[in-house]
1. Somewhere in region 103-115, is a residue among the hydroxyl-bearing types (Ser, Thr, Tyr), within 18 Å of the chain's Cα centre (by Cα), part of a strand (DSSP E or B) and more than 16 Å from PHE40 (Cα to Cα)?
2. Which of the following residues is over 11 Å from LEU25 (Cα atoms) and touching a residue at least 12 places away in the same chain (Cβ under 8 Å): VAL114, VAL151, VAL122, VAL165?
3. Determine which single condition LEU205 fails, assuming it passes every other condition in (1) more than 21 Å from VAL60 (Cβ to Cβ); (2) free of Cβ contacts under 8 Å to residues at least 40 places away in the same chain.
4. Are any of the residues in region 62-72 of a type in the set (Gly, Ala, Ser), in a loop (DSSP other than H, G, I, E, B) and surrounded by 14 or more Cβ atoms within 10 Å (Cβ to Cβ)?
5. Looking at region 116-141 only, could you name the residues that are assigned to a loop (DSSP other than H, G, I, E, B) and touching a strand residue (DSSP E or B) at 6+ places or on another chain (Cβ under 7 Å)?
6. Going by the structure shown, is ARG188 surrounded by 14 or more Cβ atoms within 10 Å (Cβ to Cβ) and in contact with a Cys (Cβ under 9 Å, 6 or more places away or on another chain)?
7. Checking GLU144 against (1) on the phi > 0 side of the Ramachandran plot; (2) out of contact with any Pro (no Cβ under 8 Å at 6 or more places or on another chain); (3) outside any strand (DSSP E or B), which single condition isn't satisfied?
Amino acid sequence: MTRLLFVLLLIWTLPGRAGEGETLLAQVRRQFEARALWEFRFQQEVVSPMAADTLRSSGVLLACPGGAFRVDVDGLHLLSDGERLWRWETGGSQVLLEAPGQSPDVLLPHQLLVLLEEKFRVTAVQKVAAERRRLRLAPRSGSESMREASVLLVKEGGQWWPMDVSFTDFSDTRHRFKVTGRRSWPDRAARKAELSFRLPAGMELVDLRQPGATHAP
């Protein structure tokens, strides 16, 4: 038992040293906020305990400091200006409008691939290599909807970035997101059209925001 415990301590640092992980995530935020627009290309894997196959998909996230973002993945589209969130599917008949992040258990895309400290706290740190750290995470809300969460941080060009994020949901389904590409711009001009909402032809807009709330026009 003593030998096993010693091995476990070598693999993961004690939770009391998790401040290193919080510092690294804070560095990620500063780097993200230093540019006006980012593009992250990613692959998603979903492993269900009830299915033998792993579902895989690829997508693109456009994200801006301040909360604006757009995600396109396998015909599903999400677009937000930071105050409103539109979501629709290619070939569908409706665009749903809601307020982003209404529930503490809802993860916005940039909170999963970039700004993890908004929804997670670091509980332990593993040094994988000189320029690789794996952080064990727990939801700040205390929710059980995301278990066994972790992120692999990789140092590139002197800067740390999340590269591989995974967690298990309430149905024991394992989700994994791997960043495959990243680039940035000093302003939004290069992708302005993609970050502006226009109702797709033939679709109906359905407002799901709470009645009586103050809505932007």
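The values are calculated or read from the model by the stated rules, or taken from the named source; none is laboratory data. Every value quoted in this text rests on a predicted model; they were computed, and no experiment measured them. Every residue, glycine among them, receives a Cβ derived from its backbone with ideal geometry; neighbour counts consider all protein chains shown.
1. Taking region 103-115 and keeping what is among the hydroxyl-bearing types (Ser, Thr, Tyr), we get 103.
Filter once more, so that each one left must be within 18 Å of the chain's Cα centre (by Cα): 103.
Still in the running and part of a strand (DSSP E or B): none.
No, every residue in region 103-115 fails to be among the hydroxyl-bearing types (Ser, Thr, Tyr), within 18 Å of the chain's Cα centre (by Cα), part of a strand (DSSP E or B) and more than 16 Å from PHE40 (Cα to Cα).
2. Values: VAL114 fails: over 11 Å from LEU25 (Cα atoms); VAL151 fails: over 11 Å from LEU25 (Cα atoms); VAL122 fails: over 11 Å from LEU25 (Cα atoms).
None of the others qualify; the one that does is VAL165.
3. (2)
4. First pass over region 62-72, keeping only residues of a type in the set (Gly, Ala, Ser): 63, 66-68.
Narrowing further to those that are in a loop (DSSP other than H, G, I, E, B): 66-68.
Next cut, surrounded by 14 or more Cβ atoms within 10 Å (Cβ to Cβ) only: 67-68.
Yes, region 62-72 contains at least one residue that is of a type in the set (Gly, Ala, Ser), in a loop (DSSP other than H, G, I, E, B) and surrounded by 14 or more Cβ atoms within 10 Å (Cβ to Cβ).
5. Start the filter on region 116-141 by keeping residues that are assigned to a loop (DSSP other than H, G, I, E, B), which leaves 119, 130-131, 140-141.
Within region 116-141, LYS119, GLU131, ARG140 meet the criteria.
6. Values: surrounded by 14 or more Cβ atoms within 10 Å (Cβ to Cβ): yes; in contact with a Cys (Cβ under 9 Å, 6 or more places away or on another chain): yes.
Against the criterion (surrounded by 14 or more Cβ atoms within 10 Å (Cβ to Cβ) and in contact with a Cys (Cβ under 9 Å, 6 or more places away or on another chain)), ARG188 qualifies.
7. Just one mismatch for GLU144, condition (1).
For (1) polar (S, T, N, Q); (2) touching a Gly at 6+ places or on another chain (Cβ under 7 Å), each residue gets a yes or a no:
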position	(1), (2)
LEU112	no, no
VAL122	no, yes
ARG132	no, no
LEU135	no, yes
SER143	yes, no
THR168	yes, no
LYS178	no, no
ASP187	no, no
ALA190	no, no
